[in-house]
Amino acid sequence: MIEEKTDETMNLEPLREAVERRDPDALIGFYADDAELRVLNAASPDSPGFELRGRAEIERYLRVVLDYKTSSHVEDEVAGEQRVEFSEVCEYPDGTRIVVRTALELGEGGILRQLDVVERSSKPRQRK
């Protein structure tokens with residue numbers, strides 16, 4: 001579970017819930033107006049990936065990505081002063097799994113910077 005440590009600008013449990021519900025309306029509220037989001041592909045470490053700047057660009061991206069039919073689960077959370085890291089495990093209906101390793105830099109306006117490193121998971125699909 002993500003625990004809030006010393007940063008009173010963000011309640012982290014609602015962030016976790018919004019990620020797992022794949023709720024773009026809830027998620028965008030966590031970002032500062034001038035936030036930056038950078039996405040890298042772990043399989044291509046030399047690739048520049050792509051960057052989004054500002055809440056409006058990030059919102060458009062979140063609406064597209066979160067519309068994919070996947071389930072999401074947050075794990076491996078580490079929270080510190082003005083920094084949060086976690087892994088989001090996403091599973092598609094066909095059993096394909098990806099892991100998004102996220103690092104957030106927090107400030108008074110919310111999330112200031114986000115780095116996502118996306119990789120395919122080699123873990124086998126677990127049946128419930």
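The values are calculated or read from the model by the stated rules, or taken from the named source; none is laboratory data. Predicted model only: the values in this text are computed from it and were never measured. In this analysis, Cβ positions are derived from the backbone assuming ideal geometry, glycine residues included, and neighbour counts consider all displayed protein chains.
Looking only at the range 64-74, residues that are aliphatic (A, V, I, L, M) and part of a strand (DSSP E or B) come to 1 in all.
So is SER87 among the hydroxyl-bearing types (Ser, Thr, Tyr), exposed (fewer than 15 other Cβ atoms within 10 Å of the Cβ) and either under 15 Å from the mean Cα position of the chain (by Cα) or modelled with pLDDT under 95 (or both) or not? So SER87 does not fit the description; no. ARG113 meets the stated requirement of being closer than 19 Å to LEU12 by Cα, surrounded by 12 or more Cβ atoms within 10 Å (Cβ to Cβ), of a type in the set (Lys, Arg) and within 12 Å of the chain's Cα centre (by Cα).
Screening the candidates GLU36, GLU119, GLU108, GLU77 for the property of being of a type outside the set (Lys, Arg) and at pLDDT 95 or above yields one hit, GLU36. Considering the range 90-104, the residues that are within 12 Å of the chain's Cα centre (by Cα) and surrounded by fewer than 18 Cβ atoms within 10 Å (Cβ to Cβ) include one that is farthest from ALA35 (Cα to Cα), namely ARG101. Evaluation of ALA18 against the conditions (1) closer than 16 Å to GLU119 by Cβ; (2) assigned to a helix (DSSP H, G or I); (3) not hydroxyl-bearing (Ser, Thr, Tyr) shows that the sole unmet condition is (1). Taking residues in the range 36-65 that are surrounded by 14 or more Cβ atoms within 10 Å (Cβ to Cβ), and partners anywhere that are part of a helix (DSSP H, G or I), the pairs with Cβ atoms closer than 6 Å and at least 6 places apart or on different chains are LEU37/ILE58; LEU52/ILE58; LEU52/TYR61; GLU59/ILE28; LEU62/PRO24; LEU62/LEU27.
Considering only residues that are aromatic (Phe, Trp, Tyr) and assigned to a strand (DSSP E or B), look in the range 21-63 and name the one that is farthest from GLY110 (Cα to Cα). Checked the range 21-63; the qualifying residue farthest from GLY110 (Cα to Cα) is PHE50. Quickly run through the range 79-97 and pick out the residues that are in contact with a strand residue (DSSP E or B) (Cβ under 7 Å, 6 or more places away or on another chain) and under 14 Å from GLU20 (Cα atoms). Those that are in contact with a strand residue (DSSP E or B) (Cβ under 7 Å, 6 or more places away or on another chain) and under 14 Å from GLU20 (Cα atoms): PHE86, SER87, GLU88, VAL89, CYS90, GLU91. Here GLU77 fulfils each of the conditions (1) buried (at least 17 other Cβ atoms within 10 Å of the Cβ); (2) assigned to a strand (DSSP E or B); (3) under 13 Å from the mean Cα position of the chain (by Cα) apart from (1).
If you scan the range 42-61, which residues turn out to be of a type in the set (A, V, I, L, M) and within 14 Å of ASP116 (Cα to Cα)? Correct list: ALA42, ALA43, LEU52, ILE58. Can we say VAL117 is under 16 Å from ARG21 (Cα atoms) and not in a helix (DSSP H, G or I)? For VAL117, the condition - under 16 Å from ARG21 (Cα atoms) and not in a helix (DSSP H, G or I) - is not met.
Among the residues of the range 22-35, those identified as of a type in the set (D, E, K, R) and touching a residue at least 12 places away in the same chain (Cβ under 8 Å) are ARG22, ASP23, ASP33, ASP34.
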